[in-house]
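Here, each number is a calculation from the coordinates, and none is a lab measurement. Being a predicted model, the structure only gives us computed values, none of them experimental. Positions of Cβ are generated from backbone atoms using ideal geometry, with glycine treated the same way; all protein chains shown enter the neighbour counts.
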Amino acid sequence: MMPVTPNRVSGRLGTIAASLWLGACAVKSPEVPRLEFTVSVSVANDTTTIAEVASDRSEFLEISNDAMGINFGTEFGVDSRQEVGDRLSVTPKSNSFSTQLGIISLPGADVPAIPPITLGQLLGDGVEVTDGATIPFLPSQSLNEEFAVPLASVTTLIIESGGIVLSVTNTFPVDLQNLVFTLVDNGRGGRTIDTINMGTVAANGGSSEDSFDLAGETISGDLVLAISAGTASGTAVVIQGDPGIAFGLEVLPLRVSEARGVIPQQVFEDDQKLDFPDDRIQVTEALISEGGLTLRVTNEIPVIMEIEFTLSDLQDPSGTPQTFLIDSLGAEPREITFDLTNNRFAPIDPLALQLSYAARTFDSGDEVTIRSVGEITVEAITQQLTFGRVAGVLDSLALEIPEQTETVDFPQGLDNVALAQTELVVFITSAVGFNSGITLDIRGVNSKGQTGGLVIDEAFPAGSPDSPRSIIIRPESAELTDFLNLLPTQITVTPSVFVGDGVNEEVVEPSHWVQVDSVQFRAPASFQVLEATQIQPDPIRRTFDDDTVRERISSNVRSAGVRTTIENHIPLAVGVRLYVGETAETVYTNPTLVVPPLDEPAFGVDAAPFSGGSVTASSFNTQNVTLTSDQILKLLEPVYFTGIQIAIDGTNGDVALAGSDFVIVQAGSQIILELNEDLVD
């Protein structure tokens, strides 16, 4: 792990006691006594505060005399303001609809009436048939007649339903027996379509009725009705009026699946809808500021027709429902376009646009063949409908906000620190009239290339363009602490705002807006030190520029040492070493002297007493270390640099630091010199 390196303002090395005195001695060599005396050199007088350690990271470290914590953020500002704008729009799904002609309806045919058969016609001129006459004996007679039943303008029909109704009334003075009707299709080779046996019809006004069911039959328009029957014999038959047999024939309306002939007008209709692609915009009422709809219509039925289209959900600026008539539509496709600008849209289905149409064929005039499966095709080519105002429900209408990337310069060595608690604070301004939500996609990478991320989803209340609402969100996230303990040096935040909760109905206009002001990452002063961490303040430049004195000291050193006094005012145990180097850059990496040596434990000081969230007193330790003459000379170089390394052990739990917490290191060398002839010129 790299050490934490705060910026420092250096002091100067202390003076060597009695250095001037040494240079001034003029005692002659034979007379100098052999005496010892002590020279003191100040090596360090260093105060390292937590505030000082963190000062060059003040952009994201909160420092006070009471506490220290992490606080950095990503500022978005007014550049993140996103209006609803043309997002308040929807493009209904284009679609094609095919509507079949369906069952073809033909009115009941107007066929010739069947003339009555009188008793006089049946008996001939040999028998007088007058009112009131008595015929002594009336022999039985037989009846066989055929009558044409032409279906005008019809060549062929395939019938789904319909028939021919027959009725008979017998005013003969005798019963009509074994009455049979046979329907024959001369146009199809004299095929018998059906036979009806009415049996006996009573004399003097008896009647009967039956019908031919033509469902499932294929017929031509050239039909013949054959009638056969017999009469009973009678004696002393009295004639009343003009007795006869009366027939009734009615061709019912026919529903056919195929017809060849001259086809009368057919009417068919359909209701369709153009679905919205999703439920983001659920319209109760809206004003369309721009948009249109194009319909391409193809007639695959071999008759000319007219079609009326209606958009029942829409009214034009005058309040008239949107309708359009295509007349004289033949085989050539036709295209129409509805301009829906400034139309009021009040749909029955909030997620669809209703489309209905009614088609009316013209009388074919000439013989044609049409089938029930014949169809018209309507291709709806939709355009984007942009709303100028919407009353309804919005469900997560997305407003994408440009991402922001923040660079964080975490101090080296801080990767040994684990944050115990973290907090995310999001500042939003809402001027949109719907409850909404925000998603924050947060991605980070640290100095080792390790990546991490998390996604935050939170809701926020509606605002108003007339009175924008400032909103602060503090989402809870179990993943946030893990993410920040990655110590990402680059963080990218991508916000997405989703307008509307899918439940509440409000009003929104394109000018409504949302702004993400900033996203703040915070961690209070409480954290854990995972493993030993080093603080290395900037080295201090020191000078000793009297070569003569240095030479005399080096030749007369009897012994030397360093006395170190440490005051620890932080709630963590520390270990201290003194480093000496030739340059500022090599003090900690290639030192010429380390006190105590690296193969010995550092000068340890217990953690300062801690109560009520702050340090209550200091802990102290004083150490003496013996130096060799070569080592002491490292402190007498013309230019050299000293540095204090403070090592902090890992903690078993959370600790809190304040900016005013400190470690003071005072170190001085004591050099015992022998006063002899070498000190004398």
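For this structure, a couple of remarks:
- Length-normalised contact order for segment 105-261 - Cα pairs under 8 Å, 6+ apart - percent: 43
- Full extension of the chain between GLU637 and ASP349 gives 94.5 nm of extra length, using 0.36 nm per residue less the Cα-Cα distance.
- Relative contact order for segment 391-521: 46 percent, from Cα pairs under 8 Å spaced at least 6 residues apart, divided by residue count.
- Relative contact order for segment 264-347, counting Cα pairs under 8 Å that sit 6 or more residues apart, in percent: 41
- Stretching the chain fully between SER467 and VAL373 yields a gain of 27.7 nm (0.36 nm per residue, less the alpha carbon separation).
- Note on segment 402-510: Cα convex hull, mean projected area over all directions, 8.1 nm².
- For segment 105-261, alpha-carbon Rg relative to the globular expectation (2.2 N^0.38 Å, N residues): 1.19
- Ranked list, fewest to most other Cβ atoms within 10 Å of each Cβ, for ILE428, ILE401, ILE672: ILE672, ILE401, ILE428
- Where the Cα pairs of segment 315-355 fall when distances are cut into 10 Å bins, in %: 22, 44, 26, 8
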